[in-house]
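The values are calculated or read from the model by the stated rules, or taken from the named source; none is laboratory data. These figures come from a predicted structure and were not determined experimentally. Cβ placement follows ideal geometry from the backbone for every residue including glycine, while neighbour counts extend to all protein chains displayed. When the accessible area is computed, the model is the full protein with side chains, heavy atoms only, and any ligands, DNA or RNA have been set aside. Shrake-Rupley method; radii C 1.70, N 1.55, O 1.52, S 1.80 Å.
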Amino acid sequence: MYFAALLARTEDGWEASDTELDDVESLSDLTDLAREASDEDTVLVLIEQEDAWFGVVRVDGEEDPRIYISDAAAAARSSYGEILLTDELLGREPGDDDADLDSLDLDGTEDGEPDDVEEDEEDEASGEAVSHSPVGDREILVDLGVSEKELLALVEGDALNTIAEALGAAEVLETVR
């Protein structure tokens, strides 16, 4: 189960809105959605998949979005996580989707034929293994009161509430849960 919300910083404090991500197909779409909430102030897009991973996307005006994801491997198995996991975030060259010959799984099976390789082993063999570690901008919330150390210590399932509490936005986030 997913939860996504927008927190927009205004002169009067934080405003929260529940957001539907069904029409979001790319990071650009998500950034546009955040900018619609507030085109000048800081907007945080908070996304979590219950007990698996959470992500924070920060949009400050027209600047490029900043992204933090708690567990890259878990997010990679999620349609919303795939939107956030850019090549840059994963340290890959843009458009480098094709594995080089050394990392291809040349086990002799034809396309479409089942093989007995586990899914994780397939990912490793094709060079697409993603670590279960956090990725992204670990200082994304430092100026808002959440240090890098505190961000890394957050536990899935309670992370968004902890972040909102540190921002002074726990009550407004709770209204959209």
First in the range 47-59 and open to solvent by 30 Å² or more (accessible area, probe 1.4 Å), second anywhere and assigned to a strand (DSSP E or B), Cβ under 6 Å, 6 or more apart: 49/2
Matching helices (runs of 4 or more DSSP H) fully within the range 1-92 where at least 1 residues are acidic (Asp, Glu): 27-37, 79-84, 87-90
Scan of the range 5-26 for residues that are buried (at least 18 other Cβ atoms within 10 Å of the Cβ) and among the hydrophobic types (A, V, I, L, M, F, W, C), ordered by number: 5, 6, 7, 8, 14, 16, 24
Number of positions in the range 75-88 that are farther than 19 Å from residue 32 by Cβ, within 12 Å of the chain's Cα centre (by Cα) and either open to solvent by 10 Å² or more (accessible area, probe 1.4 Å) or without any contact (Cβ under 8 Å) to a residue 12 or more places away in the chain (or both): 2
Criterion violated by residue 42 - all others in (1) open to solvent by 50 Å² or more (accessible area, probe 1.4 Å); (2) touching a residue at least 60 places away in the same chain (Cβ under 8 Å); (3) under 13 Å from residue 65 (Cα atoms) satisfied: (1)
